[in-house]
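The values are calculated or read from the model by the stated rules, or taken from the named source; none is laboratory data. From a predicted model like this one, the values you see are computed outputs, not experimental measurements. Heads up, the Cβs are rebuilt from the backbone with ideal geometry, glycines too, and the neighbour counts pull from every protein chain shown. Heads up: the accessible areas ignore ligands, DNA and RNA and are worked out on the full protein's heavy atoms, side chains in. Shrake-Rupley method; radii C 1.70, N 1.55, O 1.52, S 1.80 Å.
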Amino acid sequence: MLTTGGIKVFSGTSHPELAEIIARRIGLPLSHAEITKNGVGESNVRIAESVREDDVYIVNTGSGAVNTSLMELCIMIHACKIASAKRITAVIPLFPYARQDKKDKSRAPITAKLVANMLQRSGCDHVITMDLHASQIQGFFDVPVDKCLYAEPSVILYIRTNFNLDDIVIVSPDAGGAKRATSMADRLGVDFALFHKERKKANEVSRMVLVGHVAGKTAILVDDMADTCGTLVLAATHLTEAGASRVCAIVTHGILSGNALSAVQESRLEKLIVTNTLPQAANQAACPKIEVIDIGAVLGEVIRRSHYGESVSKLFHEVPY
């Protein structure tokens, strides 16, 4: 168990449940910060205990009111910085604006780079995140980024526990996720398939072509995030038509915006498994097909190892106990 002299864990308002799990993992109570809004909607933050010369970790994820969560995080970092914290680490399970990582059209911003600048200018010394949508975001920072925190070990443990490995095939819903899916299939010793998809526009798929054999198998779609779930729902339909006996999906970040929950409920998906990088209680209540994998223990162990200067690479391959 850690002592309370050298480390403090604070939570923003975006996902306090995950912050509690992380704090319990490292054997500390959550440190206290008062976060309110004034009449015009500005965030007010007061760090309610001393952080002088402490190793501070601030947990806030890119969910719900993303802009509010981001500003809260920056303000909390700044508040700890001018209160003489020794080191400040932003723990951001879902990195905000991660999909705006490149200039893909004229006059488009690279907002992920702007977010990186904001965090650094606020006083952030270190960033911990999970399953970055685009690896190049790590290069937007001039401070260390532990972006190689993959949910893969937790997902593999879930699959080994809940599925018969003789009957499954891992499926990537697009070519961009092929590396993730093949890595998982290799570690499990199972077959792999992928879809080639064409988009009319963002979040709208026009055509999908399956490459691989799924007949008589349990097809498990894997991806880093599920937003509108249009791709997963369409992929589930194609997999069923191709002869798959069951279709499930496992994603790291269950954003589930718009009509995603009703789409999943009415789809050929048997279940959609997500991690708790985002709050999922309301989604589970609205859609019985949603299951949650807890990654709080992984993030807690990363914080413990970071505080003591230990390597985190072991966590790329196994789940901490």
TODO: Could you list all residues from region 115-151 that are in a loop (DSSP other than H, G, I, E, B), touching a residue at least 60 places away in the same chain (Cβ under 8 Å) and farther than 15 Å from GLY62 by Cα?
DONE: CYS148, LEU149, TYR150, ALA151
- [ ] Answer yes if at least one residue in region 34-42 is open to solvent by 50 Å² or more (accessible area, probe 1.4 Å) and under 18 Å from CYS124 (Cα atoms), and no otherwise.
- [x] no
- [ ] Take region 31-41 and flag every residue that is more than 26 Å from LEU256 (Cβ to Cβ) and either at pLDDT 95 or above or part of a strand (DSSP E or B) (or both).
- [x] SER31, HIS32, ALA33, GLU34, THR36
TODO: For residues that are surrounded by fewer than 11 Cβ atoms within 10 Å (Cβ to Cβ) and assigned to a strand (DSSP E or B), scanning just region 189-215, find the one that is modelled with the highest pLDDT.
DONE: VAL209
Open item on the list: Of everything in region 42-64, what is assigned to a loop (DSSP other than H, G, I, E, B) and farther than 17 Å from HIS307 by Cβ? Give them in sequence order.
Closed with: GLU42, ALA48, GLU49, SER50, ASN60, THR61, GLY62, SER63, GLY64
Open item on the list: Criterion first (β-branched (Val, Ile, Thr), on the phi < 0 side of the Ramachandran plot, crowded, with 22+ Cβ neighbours inside 10 Å and under 17 Å from the mean Cα position of the chain (by Cα)) does ILE92 satisfy it?
Closed with: yes
TODO: Kindly indicate which of LEU256, LEU239 is crowded, with 23+ Cβ neighbours inside 10 Å, in contact (Cβ under 8 Å) with a residue 12 or more places away in the chain, among the aliphatic types (A, V, I, L, M) and farther than 16 Å from GLY216 by Cα.
DONE: LEU256
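Quick grid of which residues meet (1) among the small types (Gly, Ala, Ser); (2) more than 23 Å from ASN276 (Cα to Cα):
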{"site": "SER154", "(1), (2)": "yes, no"}
{"site": "ILE159", "(1), (2)": "no, no"}
{"site": "ASN164", "(1), (2)": "no, yes"}
{"site": "VAL169", "(1), (2)": "no, yes"}
{"site": "GLY177", "(1), (2)": "yes, no"}
{"site": "ALA181", "(1), (2)": "yes, no"}
{"site": "MET184", "(1), (2)": "no, no"}
{"site": "PHE192", "(1), (2)": "no, yes"}
Open item on the list: So for region 294-311 (the condition being assigned to a loop (DSSP other than H, G, I, E, B) and closer than 21 Å to HIS133 by Cα), does at least one residue qualify?
Closed with: yes
Task: region 36-64, subset among the aliphatic types (A, V, I, L, M) and free of Cβ contacts under 8 Å to residues at least 40 places away in the same chain, residue farthest from GLN100 (Cα to Cα) - done: ALA48
Task: Test: ASP101 is under 25 Å from ARG305 (Cβ atoms) and surrounded by 13 or more Cβ atoms within 10 Å (Cβ to Cβ) - done: no
Open item on the list: Being part of a loop (DSSP other than H, G, I, E, B), among the hydrophobic types (A, V, I, L, M, F, W, C) and either in contact with a Lys or Arg (Cβ under 8 Å, 6 or more places away or on another chain) or in contact (Cβ under 8 Å) with a residue 24 or more places away in the chain (or both) narrows it down to one residue among ALA85, ALA112; which is it?
Closed with: ALA85
